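Since every read-out is calculated from the coordinates, none of them should be taken as a lab result. Remember, it's a predicted structure, so these values are computed and weren't measured experimentally. Here the Cβ positions follow ideal geometry from the backbone for every residue, glycine too, while neighbour counts run over all protein chains shown.
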Amino acid sequence: MSSDSTTLSVLTIRFCTAMRFLTLIPISWRAEEDSRHFAKCLVFFSVVGMVIGSIGAGGVFFLGKGFPQPVVIAVGLAFLAFISGCLHLDGLSDSADGLLSARPKEACLKIMKDSRAGAMGIVVVVLVLLTKYAALSAMPKEALVLAFFLMPLAGRCAILLTMASLPYARAEGGLGSLFYSGNSKKAAAIGFAVLIFCLLFLAPGRLLPVLIGFFLITYTFNRWCKAKLGGATGDTLGAVCELTEMIVAVSLTASFSPFFR
């Protein structure tokens, strides 16, 4: 087998590893090798975000032909939640329970490890979903396709930026720690370049508000996690994805205001 074929095979395996972790799309090919590729599949997180976004945008486009905007948005948000097995919403819920508990670091981490959802977690998940729904409902119907493409892409890029910016907070490790490696900064740079390219190609007029929202939410949330926990966990990585999807929806809606025209 040539070196080019070998390289292509390895890259394909790493893409499949990223797809299996970030989505419920059934890809079983070479799944037994996932443990070898977790740390190096990060570069494909943004690609997986584009795949999710493309499916979501396509679904929204066709549903929009026959259903009113509220129905299309509800189905689209359900897709974004369940395509990842609600993994990121679960992380948001656990993060809210821990970070809003007013407890010291170790107690927060213990709360976040508890699989049961607390009141804070439920309230925050509901508020984030309501904000997404409200923002998407307020934008022109024709903009929904763009929104449902960009939201999952930006969310996965936010995960990469967080991993590049924060150390892992749990000394004993965890699910998120499987992906931490020296590749984090490279993957974050690639992901951000992909996000910028997509914005410039698809909606150059929306670039500024989306990037302002993207950096505002990731910087603020990551500073909070650093101060409260000393770094990131698998739960906070899921949380930053959900919060970024929310702020992208809000930013896109804001971009249609006279201020950004």
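Cβ-to-Cβ counts within 10 Å put 245, 33 in ascending order as 33, 245, the fewest first. Bridging of residue 65 to lysines at a Cα separation below 17 Å is possible for 141, once same-chain residues fewer than 8 apart are set aside. About its Cα centre, the chain has a charge dipole of approximately 420 debye under the convention of +1 per Lys or Arg Cβ and -1 per Asp or Glu Cβ, with nothing else charged.
The per residue volume of the convex hull around the alpha-carbon atoms of the stretch 79-122 is 61 Å³.
Put simply, the C-alpha atoms of the stretch 10-161 give a gyration tensor, and the ellipsoid matching it has half-axes of 27, 25, 12 Å, longest first. Once the convex hull of all Cα atoms in the chain is built, its volume per residue stands at 136 Å³. Going from the fewest other Cβ atoms within 10 Å to the most, the residues 12, 244, 17, 253 appear in the order 12, 253, 17, 244.
Of all lysines in the structure, those lying under 23 Å Cα to Cα from residue 226, and not within fewer than 8 positions of it along the same chain, are 105, 110, 113, 185, 186. When the Karplus curve 6.51 cos²θ - 1.76 cosθ + 1.60 is applied with θ = phi - 60°, which whole-Hz ³J(HN,Hα) does each residue of the stretch 17-28 get, with x for Gly and Pro? Here the 3J(HN,Hα) series is 4, 5, 5, 5, 6, 8, 9, 9, 4, x, 10, 9 Hz. For residue 168, the residues whose modelled amide H falls within less than 5 Å of its own, excluding neighbours fewer than 5 places apart on the same chain, are 232. Each residue of the stretch 239-253 was assigned a 3J(HN,Hα) from its phi angle through the Karplus expression (A = 6.51, B = -1.76, C = 1.60, θ = phi - 60°), giving 5, 5, 5, 5, 5, 5, 4, 4, 6, 5, 4, 5, 5, 5, 4 Hz with x at Gly and Pro. Between 67, 149, 38, find the one with the highest GNM mean-square fluctuation for the chain; connect C-alpha pairs within less than 10 Å. Of 67, 149, 38, the Gaussian network model singles out 67 as fluctuating most. Each residue of the stretch 75-90 was assigned a 3J(HN,Hα) from its phi angle through the Karplus curve 6.51 cos²θ - 1.76 cosθ + 1.60 (θ = phi - 60°); the sequence is 5, x, 5, 4, 4, 4, 6, 8, 5, 9, x, 6, 4, 6, 5, 4 Hz, with glycine and proline shown as x.
Projecting the Cα atoms of 158, 50, 25 onto the charge dipole of the chain, computed from C-beta unit charges around the Cα centre, puts 158 farthest toward the positive end.
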